[in-house]
Amino acid sequence: MFIDTISQPSLLLDERRCKANIHRLCQKAREQGVTLRPHFKTHQSKMIGRWFNHEGIDQITVSSIGMAKYFAAAGWEDITVAFPVNIRQVEEIRGLASEVNLGLLVLDTSSIDFLGTNLQVPLSIWIKIDVGTHRTGIRPEEISSLAAMAERISKYPNLNFVGFLAHAGHTYQSRSMTEVQQVYNHSLAALVELREAFADRFPDLLISLGDTPGASMVEQFGPVDELRPGNFVFYDLMQEEIGACTLDDIAVAMACPVVAVHPERMQWIIYGGAIHFSKDFLTLEGGRKCFGRMVDITGGSWSTANVERNPFLISLSQEHGIVQCNEDNFHLCTPGDLSLWLPVHSCLTADVMGEYYTTDGQYVDHYRQRVYK
């Protein structure tokens, strides 16, 4: 069994769980006539990208020009970079836009002028809207600014004003179906209102919304043209806490050797730290931090049946992970044993690891492949 051969921190992918997550959301979008443009920043893998392609997906989202180039080389021809355009990458943008249908996000007229003046290649332009996350974007009520941007885009023959795009990232603070539905409804209503406000001048505008809790938990997507969730491909403990998935839906786990045990404080030390998991954590009852939950190795993969009774990861430094046990579970591992952990945030865990393996040992390519073993 491949898992038995692991000797250092390794990110494992359960192919069955992953493909089930992909199929479930693809089918849901198909049934409602909504375009699914999945965000590939979570898995960053050409191999997993092919699993989406097998479900009929031919339009994707990425988070950087570099990542767009990575997937363009794998044959993807319709790519939106869901990050404010970085005009310092103009030469890379020019080369990429000559090969694929490239979508870019703008937030100001100066960037629009730069793209329109310095590039002769066609570009699909989205205006980024802040629907409540308050990370970046133009607020929906700033109609005069949005109108100026829309008119500026239309001034340049190579720029195609596609529509309004938003990320309802504040669903990550939700902890119930009701809260997620409220955020989704508010976000969609803001985008629909903008589309209607600009309909006379720009009758074919699209609206694009993206977040995993909304896509996973909302039953009826309503009048949205496309959805751009990403984390759903793997899910994680954060999504499980929100209610977007079950523990058994989580498709990746960190395998970490146990290197020391301390019975006097009921703790293990694992070879697995912040450079493997990232620093994201959940807050448990009593204010305790949790950086990962232990699952049981079974049948060539893992079982979540005993998660609540198993130890949990309470602290990370660069290479070390500190695991808190109790008298009932301290005996589960000794130095030299392998432990398996569900991550809090699978996007960051996959990114910092830069590579992973299926549970049967197949290497999975990754945009950020590690330069050392």
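The values are calculated or read from the model by the stated rules, or taken from the named source; none is laboratory data. Since the structure is predicted, the reported quantities are computational estimates derived from the model, not experimental observations. Using ideal geometry, Cβ is built from the backbone for each residue, glycine included, and neighbour counts are taken over all protein chains shown.
Structure values in brief
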quantity: Scope the range 1-22; condition at pLDDT below 95 and not in a helix (DSSP H, G or I); matching residues; calculated: Met1
quantity: Yes/no for Leu191 being over 18 Å from the mean Cα position of the chain (by Cα) and closer than 22 Å to Arg37 by Cα; calculated: yes
quantity: Residue within the range 341-356 that is in the same structural domain as Ala251 (by TED's automatic domain parsing), surrounded by fewer than 17 Cβ atoms within 10 Å (Cβ to Cβ) and under 14 Å from Val258 (Cα atoms) present; calculated: no
quantity: Pairs, first within 15 Å of Val162 (Cα to Cα) and in the same structural domain as Leu227 (by TED's automatic domain parsing) in the range 75-95, second modelled with pLDDT under 95 and part of a strand (DSSP E or B), C-beta under 7 Å, six or more apart; calculated: none
quantity: In the range 1-38, residue farthest from Leu340 (Cα to Cα) [restricted to those that are of a type in the set (Gly, Ala, Ser) and surrounded by 13 or more Cβ atoms within 10 Å (Cβ to Cβ)]; calculated: Ala29
quantity: Test set (1) in contact with a Lys or Arg (Cβ under 9 Å, 6 or more places away or on another chain); (2) closer than 24 Å to Met149 by Cα; (3) crowded, with 19+ Cβ neighbours inside 10 Å - Leu102 fails condition number; calculated: (1)
quantity: The lone exception for Pro122 - which of (1) surrounded by fewer than 18 Cβ atoms within 10 Å (Cβ to Cβ); (2) over 26 Å from Leu96 (Cα atoms) it fails; calculated: (2)
quantity: Residues of the range 310-346 satisfying the condition of being under 18 Å from Leu247 (Cβ atoms), within 26 Å of the chain's Cα centre (by Cα) and of a type outside the set (Phe, Trp, Tyr); calculated: Leu313, Ser339, Leu340, Leu342, Pro343, Val344, His345, Ser346
quantity: Among residues of the range 237-269, those that are of a type in the set (Asp, Glu) and under 17 Å from the mean Cα position of the chain (by Cα), counted; calculated: 3
quantity: Residues satisfying the stated conditions in the range 123-142, i.e. touching a helix residue (DSSP H, G or I) at 6+ places or on another chain (Cβ under 7 Å) and in a loop (DSSP other than H, G, I, E, B); calculated: Val131, Gly132, Thr133, Arg135, Pro140
quantity: Output for the range 143-164, where each listed residue is closer than 14 Å to Asp204 by Cα and assigned to a strand (DSSP E or B); calculated: Asn160, Phe161, Val162, Gly163, Phe164
quantity: Set Arg195, Arg265: member being among the basic types (Lys, Arg) and outside the structural domain of Leu313 (by TED's automatic domain parsing); calculated: Arg195
quantity: Of all residues in the range 131-143 being free of Cβ contacts under 8 Å to residues at least 40 places away in the same chain and crowded, with 18+ Cβ neighbours inside 10 Å, the one that is nearest to Ala168 (Cα to Cα); calculated: Thr133
quantity: Residue count for the range 151-177, restricted to those that are touching a strand residue (DSSP E or B) at 6+ places or on another chain (Cβ under 9 Å) and crowded, with 19+ Cβ neighbours inside 10 Å; calculated: 11
